[in-house]
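Quick notes on the structure that follows.
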Amino acid sequence: MADLAATYMGIPMAGPVVVAACSLSGRVETIQRIEAAGAGGLVIKSLFEEQIMAEEVQLKKEERVGAERFPESLTYFPPVDHAGAREHLMWIERTRKVVQMPLIGSLNAYTPGGWADYARQIEQTGVNALELNVYAVQTDPDRSGADVEAELFDTVSAVIDQVSIPVSVKLSPFYSSVVNIASELDRRGAKGLVLFNRFIQPDIDPEAEALRNVMDLSRPAEMRLPLRYVALLYGKVDADLAANTGIHTPDAIVRQILAGAAVVEVASVLYAHDVEYIRTLHDGVDRWMDQKGYRKLTDFRGKLSQADAPAPFAYERAQYVELLMQQV
Ligand SMILES: Cc1cc2nc3c(=O)[nH]c(=O)nc-3n(C[C@H](O)[C@H](O)[C@H](O)COP(=O)(O)O)c2cc1C
């Protein structure tokens, strides 16, 4: 039997499978099953500043409705403060008490003060690390890519200044140069880079002629995009790399580690098979390692990264040149 122990951002983990931020962290019983199945760690679903703000606005509106009609009601119903992030933070504290496995808090804020403030509050819950879910759709045509990137760097630096736990950044693949962004975040002290987040894309229902939100699970072929960037970055940044999106099988985990991942984050496969599938994933990696004679994950990690691969240019090829040449 191989040793599946992993280290991510300096945190020892029982295995390389980490549960990605998602609603599976919303129930204590599920979290306990995740731990029992041998997960390396769990990222708790994000604290969304946007959601807190929206709820606060709604609450204020509801307060005003009564007050306008019955001004005297204010004496009966003095203004209440919205629980803000408290509910979420109390949830993390509760989770911390019931499991021993590493827990990673996740934050998606949108005001400069919000990022640093909520990061500090999440740290105080006792999580082992903090993952920054930094993606936002840009809709302002006057904001350049450079503006967006500068804000990202400032945000990450501000958070790193505020907390003493390791900070990882969960990136989107939608940058002109992912490698440049990742390297700059690494220089600024990010201890982990999660490649990549996967987003909800809107859709249109032609029958109803209305917008619809679809939450579909990832497909296995999607893991090749993170695979490329894990391989390109391995050995070039100090930060640990967590591969994410489309990782559904033990074979996919092995491929990501060969490319250079320290751990993988998974969500969709656990919605499809339930959380006990973590054990199947780890068992499959174990079997492969036994067959190949590897004892530890680090025996083969990065063996097929761009730096170490026998055909490093494969990771740079994006066009179908060869395919087109064959057809003429
Ligand atoms: C139901 C659901 C909820 C999610 N919630 C969050 C979240 O709160 N924060 C976050 O960063 N990502 C969230 N994600 C994205 C996942 O963490 C992950 O990045 C994505 O699903 C890709 O991994 P997968 O292919 O294994 O599903 C969510 C995904 C799902 C399916």
Difference of contour (0.36 nm per residue) and Cα-Cα distance, residue 300 to residue 280: 5.2 nm
At R0 = 30 Å, how high is the FRET efficiency between residue 96 and residue 53 if r is their beta carbon distance? Nearest 0.05 is fine. 0.70
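Based only on other Cβ atoms within 10 Å, what is the fewest-to-most ordering of 53, 90?
By the 10 Å Cβ count, ascending, the order reads 90, 53.
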Added length on full extension, which subtracts the Cα-Cα distance from 0.36 nm per residue, residue 154 to residue 187: 10.6 nm
Under 25 °C and 0.890 mPa s, how fast does the chain diffuse according to Stokes-Einstein, given a Kirkwood radius computed over C-alpha pairs? Answer in µm²/s, whole number. 114 µm²/s
Is region 78-170 best put as rounded, prolate or oblate by its Cα gyration tensor, with a ≥ b ≥ c the root eigenvalues, rounded for a/c under 1.5, and otherwise prolate when a/b is larger than b/c, oblate when not? oblate
For the chain, give me the percentage of DSSP beta bridges that are antiparallel, rounded to the nearest 5 percent. 20 percent
Quick one: of 97/170; 236/296; 97/303, which pairs are farther than 30 Å apart, Cα to Cα? 97/303
Near residue 292, which aspartates and glutamates are there with a Cα under 15 Å away, not counting those fewer than 8 places off in the same chain? 3, 251, 283
So if I take the centroid of the Cα atoms in region 163-185 and the same for region 100-155, what is the distance between those two points in Å? 11 Å
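For the chain, what is the mean residue ellipticity at 222 nm derived from helices alone (per DSSP H run of n ≥ 4: -39500 (n - 2.57); sum divided by total residues; nearest 500 deg cm²/dmol)? The partial results should precede the final answer.
Values: 12 runs with 136 residues, N = 328.
My calculation for the chain gives -12500 deg cm²/dmol from helical runs alone.
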Name the residue, out of 214, 269, 167, whose mean-square fluctuation peaks in a Gaussian network model built on the chain with Cα pairs under 10 Å. 214
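Could you list 316, 123 so that the one with the fewest beta carbons within 10 Å of its beta carbon is first and the one with the most is last?
Neighbour counts put them in this order, fewest first: 316, 123.
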For the residues 248, 273, what sequence is obtained by ranking on other C-beta atoms within 10 Å, fewest first? 273, 248
What nm value, rounded to one decimal, do you get for the distance between residue 138 and residue 29 when each label is placed 7 Å out toward the C-beta? 4.5 nm
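Where a number appears in this text, it was derived from the coordinates with a stated rule and is not lab data. Please read these numbers as outputs of a predicted model, since none were measured by experiment. Heads up, the Cβs are rebuilt from the backbone with ideal geometry, glycines too, and the neighbour counts pull from every protein chain shown.
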